[in-house]
Structures are given as structure tokens and as C-alpha cells.
1. Scan V71, V83 and give me the residue that is surrounded by fewer than 17 Cβ atoms within 10 Å (Cβ to Cβ), of a type outside the set (S, T, Y) and either out of contact with any Pro (no Cβ under 9 Å at 6 or more places or on another chain) or assigned to a helix (DSSP H, G or I) (or both).
2. Those residues that are more than 20 Å from S121 (Cβ to Cβ) and assigned to a strand (DSSP E or B), I need them from the range 86-104; list them, please.
3. Does any residue of the range 79-98 turn out to be of a type outside the set (S, T, Y), farther than 19 Å from G137 by Cβ and touching a helix residue (DSSP H, G or I) at 6+ places or on another chain (Cβ under 8 Å)?
4. Does M115 satisfy being part of a loop (DSSP other than H, G, I, E, B), of a type outside the set (S, T, N, Q), surrounded by 15 or more Cβ atoms within 10 Å (Cβ to Cβ) and in contact (Cβ under 8 Å) with a residue 40 or more places away in the chain?
5. Between a residue in the range 119-131 that is in contact (Cβ under 8 Å) with a residue 12 or more places away in the chain and any residue that is of a type in the set (G, A, S), which pairs come within a Cβ distance under 9 Å, given they are 6 or more apart or on different chains?
6. Go over the candidates K5, K10 one by one and state the one that is more than 25 Å from the chain's Cα centre (by Cα) and not β-branched (V, I, T).
7. Evaluate the following for K10: is it within 30 Å of I118 (Cα to Cα), at pLDDT 90 or above and not polar (S, T, N, Q)?
8. Testing E127 on (1) part of a helix (DSSP H, G or I); (2) surrounded by 13 or more Cβ atoms within 10 Å (Cβ to Cβ); (3) outside the structural domain of L12 (by TED's automatic domain parsing), one condition comes back false. Which one is that?
Amino acid sequence: MEKLKSIDYKILFELMKNSKISDRKLAKIIGVSQPTITRRRTRLENEIIDGYTAIPQWAKLGYRILAVTLVKAPLKFGSEKAVRDAIERSSKWLENQPNVIFGGECRGLGMTGIMLSIHKSYSDLDEFLASHRQQLGNLLEEVNTIIVNLAGKGVYRPLHFKYLAEAP
């Protein structure tokens, strides 16, 4: 993969604001030809862009809760194989959870993993966390969940990637 050029970043940031934008309009905004945009966009789609997605207003779809779950796994499981097995088991569980929108390792607050999930109700969240505890509880020392009310007035900036494109 060749190094990204300034034009690639400009295209990427415009696509983060609006992935449906046409190459012609994108060319006009950036100030280059439409064939240049098409060529650069295709390269970005093949090498950098992981996919296009719609970001809905979750509350309007009935999702009321965003859960941020932080987990702490023991630093030693024993053997290297035990560590690999624990990671594989956790990854497989995450892959089968359609309401998990992100999961990964993390550092800070003494935690080793993070998971973001959306839920239609507290009952749904409770069932989800019970399943998590049942399936992976023996791999974890600590689990903490922060709940965000997606339907409340306390959402001051909704989850969206367009803000990254507006950063200096």
C-alpha cells in the first residue's frame, strides 16, 4: 500500500461526512477532476475503507440504551494456550452478539477489555449481561457497565463519524 496523500485524506473526510456523495460532487468540493476522485476513491475502498454504513437515530428505532461494558481479565491464565483459548472464546461470543457495535482490548482504570452495545430495554440489557456472565464469567475478574439513555435529553452529541472529519 502506498502512503496516503493529502487528497486521500480530503476524500476520506468528505466520505465520513456523507458516504453517498457522488464522485462528481466530491471532485467539485475538493477541486480536482472526477476521474481523479474515482481512481483515488476506488483505491481507498480497496485498501483503507472497511465499509459504508448508515448511522441511525437509535432511539427512533426503539433502542433506548447504550451500554459501555468494561472488563478485567486476570493477567495470567497460566499457559500461553490458555490465554489464546480465552481470547478465542471471547471473540466468538462477541461475533454472535448482534447488538455489540464494538469490542476490543483496552487499557486504563485497571481494565483489559471494552464492549459497546445497544439495547431496546433494560430487560434486554439485563439478559445480555446475564448471558455474558454465564458464557465468559469464569474468564473475568471484574465487569462494570455504564448505561446511557439514548432516548433522553442527556445526549448532547450523538454517535457519528462526521465529527472526526471536522477535527482540525
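1. From the options V71, V83, the qualifying one is V83.
2. Those that are more than 20 Å from S121 (Cβ to Cβ) and assigned to a strand (DSSP E or B): F102, G103, G104.
3. Scanning the range 79-98 turns up no residue that is of a type outside the set (S, T, Y), farther than 19 Å from G137 by Cβ and touching a helix residue (DSSP H, G or I) at 6+ places or on another chain (Cβ under 8 Å).
4. no
5. H119/A67; K120/G62; S121/G62; L125/A67; L125/S117; F128/A67; F128/S117; L129/A67
6. Criteria check complete, one pass: K5.
7. Spelling it out, it is not the case that K10 is within 30 Å of I118 (Cα to Cα), at pLDDT 90 or above and not polar (S, T, N, Q).
8. Of the numbered conditions (1) part of a helix (DSSP H, G or I); (2) surrounded by 13 or more Cβ atoms within 10 Å (Cβ to Cβ); (3) outside the structural domain of L12 (by TED's automatic domain parsing), the odd one out for E127 is (2).
The values are calculated or read from the model by the stated rules, or taken from the named source; none is laboratory data. Predicted model, so just to flag it, every value in this text is computed and none were measured. Note that each Cβ is placed from the backbone with ideal geometry, even for glycine, and that neighbours are counted across all protein chains shown.
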